[in-house]
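The block underneath contains the structure these notes are about, expressed in structure tokens.
The values are calculated or read from the model by the stated rules, or taken from the named source; none is laboratory data. The shown structure was predicted, so the numbers you read here are calculated from the model rather than taken from an experiment. FYI the Cβ positions are ideal-geometry reconstructions off the backbone, even for glycines, and counts take in every protein chain you see.
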Amino acid sequence: MRIGLVIPTTPKYSETFFNSKIKGLLENGFEVIIFTQTIASDFNLCKTVKSPRVSGSRFLVALNMIKVGFKLLFHLNNVIKYYKLLKSSGFALTTIFKRMYLNSHILSHSVDWLHFGFATQAIGSEYVAKAIGAKMAVSFRGFDINVYPLKYENCYLDVWKNVDKVHSISQYLVEQAYGLGLKKVIPFSIITPAVDDQIFKTITSKQNSVGQNQLTICSVARLNWIKDLTTALETIQLLKKTYPNLQYHIIGDGDIKERERYLFLVNQLGLEDNVVFHRKLSHNDTLELVGKSDIYLQTSLNEGFCNAVLEAQALGRLCVASDVGGLKENIIDGKTGWLVRSQQPNVFANKIIEVVQLPEAKKIAVSNNAVSRVQKNFTLSYQNFKFLQFYNCKE
Amino acid sequence: MKPKLKIVIFDGSFKTRPFINNVIKSLGKKHKLYVLGFDNSVINKIEGVTYVDLGTQSNKLNLLKRSLVFVFNNLFKKSGIKDFQTFIKLMLRFDSSGLKHFNFNKALAQIKPDIVHVQWLSLLPYCETILNSKSYNIVLSQLGYQLNVRPFVDAENEIYLKRQYPKIRGFHSVSHAIKEKSNLIYTSLSKIDKVIYSGFNFSRFPSICLYEKQETLQLLSVGRPHWIKGYDYMIKACEDLKKNQIDFHYTIVGARGNEELIYMINDLNLQDYITITHSLPQKEVYQLMINSSLLVLPSLAEGIANVVIEAMAIGLPVLSTRCGGVIELVTDNETGLLVPIRDANSLSKKIQDFHTLPLDKINALRVSAREKVEKNHNIEKMTTDFEDLYYKCLQND
């Protein structure tokens, strides 16, 4: 079976989700082609096809258009089908030609499944799968469903009309998609992110006990508003009253405006001695730092699922997270971690103090619960198995 | 009789801020004014002002063309050959940053101004050559974010400013609060730093507008969707207002399309309570002010907020956070209302207090606010203050 995966860039070495999925498919005799805008020079897992040029000088774009037009002559069947599909759906001629150019790299191939790695990737390519005689699959991530449609209402109408199967990283996102118009008859499969088995070997022997006034808290989060680091830092300010020497580590970067936002907040709250911004760290360094912390904190306004929280649990950390979106499936409240109301620094601070002051046995129990649940339900091998099922299923 | 001055206003583009346009218009009556910018699309040229095009930032060919004009104009002058050589080098490297610097310096060499008034801290890199050679008197305006925030979160920027500040002849601070920030960068007995408040053109509003208490409390904020504006706190305050069943509507002008704000509004189910619009022309903003109940400035830091001056002049009551220079404008319960920064609960509580305030108390606030801005924020005062600053810089020369 041949799978065409549409993603914006080829996955980096550290992106376990796509890499492991591709490896798993290849090992099981599938053929995988990646359709993408950018191809990293060191990527060699599978065949890649680059999308046509849309920026740069007009001359080069025009030249490319001629090249693309010529190439499509050898795939006239697909092109005619695509034209008819768009025409019968009421698209204007200019839009049809524009889309034909933008999707030409896919139209010239034949696959069994055309899988859009992000729902937003499918916008503008909704009819391509049908034109090349493939089934259309779409993956839901947090941003696709939680944020993008707020700004662009009805952006998925054509996706819903054409999609054959949905992959979501959480049940929550599927429910939200129903609200956005996804038909309930469309089959879906929940395949969450997973962690590499190697991670369990790196679990440190750090005790879950907190020394006198010492407390180390950690978050892995891009410095993006959706992570609500304002609440995180205001929580730290409140905790400072009880733990004056506490250390808060933020792993993740952002653009200059985002960085200045949180650095200024640290400055205004007088937390310079308590907060360390690590910006971007390697996956190994991230795991090491998370593994050394007493509490893992995730204050996000929303999450599709949140891989970072899953890894923190795999490392046996005591996780305190917002009671939102996919996090409710990621953490079992009171059992593998704790969920509290989002955007409430005092609620987060109180919960962290409560957790820190729990009897040692209770902390160890939660930590063990978290590790064993991840070991049982969120492994890469299980993720791979689910993807095989996803494409093989006769639904 | 004081001499007529040649003043260069350098804002980076031709689209100077409305408040600086007021100064330009006013100073232009007595002095020779030039506006230098990397943008040749002037929408509303001010009469009598010379606009000097330094080339378009995004178009290298245009930059080159402008450089060539400067080179030819100077070809038979003393530095003509040297300029020509520099130009050839820059052209071969296609160095747009170098070309921009070149054009800026050549424009100044042609004008030979008494004062170069730089409008933003971020433009200082263009002035490095003239700062080092001390060829002109540079006056720097100190407004907001670039001094309130950046040097205090970016060590490199702080070091850079500490190196450049002593070379600058004079400073214009938009408030005493920002002057204090400036002193954290550099202070000296010989430092000239004058607080000059923005001036409002009162001729359009000879007196404060009529004000009626409306059934639905109309809350208004005006400003770009930057985190420094603190709209996230105000949206949380709106959630509290809704919970307390206050009949209100909140309009944010100029923040349309911001993902964070859209998300928060939807997440908190405030779609029927909050409207975000695109930026609007000044005339429409003033009309909105006339139709609103309260201007809210939830900012985290400000040099001074011109929108507060405008609201006070028009007669719209103001609720602001205690952010920098705004407390020089607003005294709590006298000329407006104040709350701490980063405090959604206080914002909500103060709005609820305002909602129950009798009309005579509101009118008292409005009258005091108008008196305050009439006294400190009129164009005549602003113009004289700028003249004084320029002459002081020349005296010290």
Only one of (1) modelled with pLDDT of 95 or more; (2) in a helix (DSSP H, G or I) does not apply to A:PHE390, and that is (1)
Matching residues, region A:321-339, being within 23 Å of B:TYR233 (Cβ to Cβ) and in contact with a Phe, Trp or Tyr (Cβ under 6 Å, 6 or more places away or on another chain) | A:GLY325
Positions within region A:216-246 being farther than 19 Å from B:ILE341 by Cα, of a type in the set (A, V, I, L, M, F, W, C) and within 13 Å of chain B (Cβ to nearest Cβ), in sequence order | A:LEU223, A:ILE226
Return only the number of the condition from (1) buried (at least 17 other Cβ atoms within 10 Å of the Cβ); (2) not assigned by TED's automatic domain parsing to the domain that holds B:TRP120 that B:LEU61 does not satisfy.
-> (1)
Residue under evaluation A:PHE118, criteria (1) within 19 Å of the chain's Cα centre (by Cα); (2) farther than 22 Å from A:MET1 by Cα, criterion not met | (2)
Inside region A:115-148, the number of residues satisfying the requirement of being closer than 15 Å to A:SER189 by Cα and of a type in the set (Val, Ile, Thr) is 1
By residue number, the members of region A:45-79 that are modelled with pLDDT of 85 or more and within 34 Å of the chain's Cα centre (by Cα) are A:LEU45, A:CYS46, A:LYS47, A:THR48, A:VAL49, A:LYS50, A:SER51, A:PRO52, A:ASN78, A:VAL79
Could you please let me know if B:SER122 is of a type in the set (Gly, Ala, Ser), assigned by TED's automatic domain parsing to the domain that holds B:VAL35 and within 26 Å of the chain's Cα centre (by Cα)?
-> yes
Just name the residue that is farthest from B:ALA313 (Cα to Cα) out of those in region B:333-356 that are away from chain A (no Cβ under 14 Å) and of a type in the set (A, V, I, L, M, F, W, C).
-> B:LEU347
Could you please let me know if B:SER299 is within 16 Å of B:ILE351 (Cα to Cα) and under 21 Å from the mean Cα position of the chain (by Cα)?
-> yes
Listing of strands (runs of 3 or more DSSP E) fully contained in region B:163-263 that carry 1 or more residues being more than 14 Å from chain A (Cβ to nearest Cβ), under 20 Å from B:ASP343 (Cα atoms) and not aliphatic (A, V, I, L, M) = B:217-222, B:248-253
Selection count, region A:236-259, where residues are of a type in the set (D, E, K, R) and over 31 Å from the mean Cα position of the chain (by Cα) | 2
Is it true that some residue in region A:247-269 is more than 14 Å from chain B (Cβ to nearest Cβ), touching a Lys or Arg at 6+ places or on another chain (Cβ under 8 Å) and either surrounded by 24 or more Cβ atoms within 10 Å (Cβ to Cβ) or at positive phi (or both)?
-> yes
Which members of region A:251-272 meet the condition of being assigned to a strand (DSSP E or B) and either hydrophobic (A, V, I, L, M, F, W, C) or free of Cβ contacts under 8 Å to residues at least 12 places away in the same chain (or both)?
-> A:ILE251
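Residues checked against (1) under 19 Å from the mean Cα position of the chain (by Cα); (2) in contact (Cβ under 8 Å) with a residue 40 or more places away in the chain:
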{"position": "B:TYR126", "(1), (2)": "no, yes"}
{"position": "B:VAL139", "(1), (2)": "yes, yes"}
{"position": "B:ASP154", "(1), (2)": "no, no"}
{"position": "B:GLU158", "(1), (2)": "no, no"}
{"position": "B:ASN183", "(1), (2)": "no, no"}
Of these, A:VAL147, A:VAL138, which one is under 30 Å from A:ILE226 (Cα atoms), buried (at least 17 other Cβ atoms within 10 Å of the Cβ) and within 14 Å of chain B (Cβ to nearest Cβ)?
-> A:VAL147
Does region B:93-106 contain any residue that is in contact with a Phe, Trp or Tyr (Cβ under 8 Å, 6 or more places away or on another chain) and of a type in the set (A, V, I, L, M)?
-> no
Out of curiosity, is A:PHE277 within 12 Å of chain B (Cβ to nearest Cβ), under 23 Å from the mean Cα position of the chain (by Cα) and closer than 28 Å to A:VAL195 by Cβ?
-> yes
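Per-residue answers, yes or no, for (1) buried (at least 18 other Cβ atoms within 10 Å of the Cβ); (2) in the same structural domain as B:LEU297 (by TED's automatic domain parsing):
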{"residue": "B:SER188", "(1), (2)": "no, no"}
{"residue": "B:MET234", "(1), (2)": "yes, yes"}
{"residue": "B:ASP240", "(1), (2)": "no, yes"}
{"residue": "B:LYS243", "(1), (2)": "no, yes"}
{"residue": "B:HIS249", "(1), (2)": "no, yes"}
{"residue": "B:VAL253", "(1), (2)": "yes, yes"}
{"residue": "B:GLY257", "(1), (2)": "no, yes"}
{"residue": "B:ASN266", "(1), (2)": "no, yes"}
{"residue": "B:ILE274", "(1), (2)": "yes, yes"}
Please tell me if A:GLY316 is within 14 Å of another protein chain (Cβ to nearest Cβ) and in contact (Cβ under 8 Å) with a residue 60 or more places away in the chain.
-> no
Quick one: would you say B:SER368 is assigned by TED's automatic domain parsing to the domain that holds B:LYS213, in contact with a Lys or Arg (Cβ under 9 Å, 6 or more places away or on another chain) and at pLDDT 95 or above?
-> no
From the options A:TYR248, A:TYR262, residue that is over 21 Å from A:LEU380 (Cβ atoms), aromatic (Phe, Trp, Tyr), touching a strand residue (DSSP E or B) at 6+ places or on another chain (Cβ under 6 Å) and in the same structural domain as A:GLN344 (by TED's automatic domain parsing) = A:TYR248
Pairs, first within 25 Å of A:SER342 (Cβ to Cβ) and touching a residue at least 24 places away in the same chain (Cβ under 8 Å) in region A:275-300, second of a type in the set (D, E, K, R) and not in a loop (DSSP other than H, G, I, E, B), C-beta under 6 Å, six or more apart = A:SER300/A:LYS227
Being among the β-branched types (Val, Ile, Thr), in a strand (DSSP E or B) and free of Cβ contacts under 8 Å to residues at least 60 places away in the same chain is the filter here, so list the residues in region B:1-39 that pass it.
-> B:VAL35
Mind checking whether some residue in region B:211-231 is assigned by TED's automatic domain parsing to the domain that holds B:ASN363, surrounded by fewer than 18 Cβ atoms within 10 Å (Cβ to Cβ) and of a type in the set (Val, Ile, Thr)?
-> yes
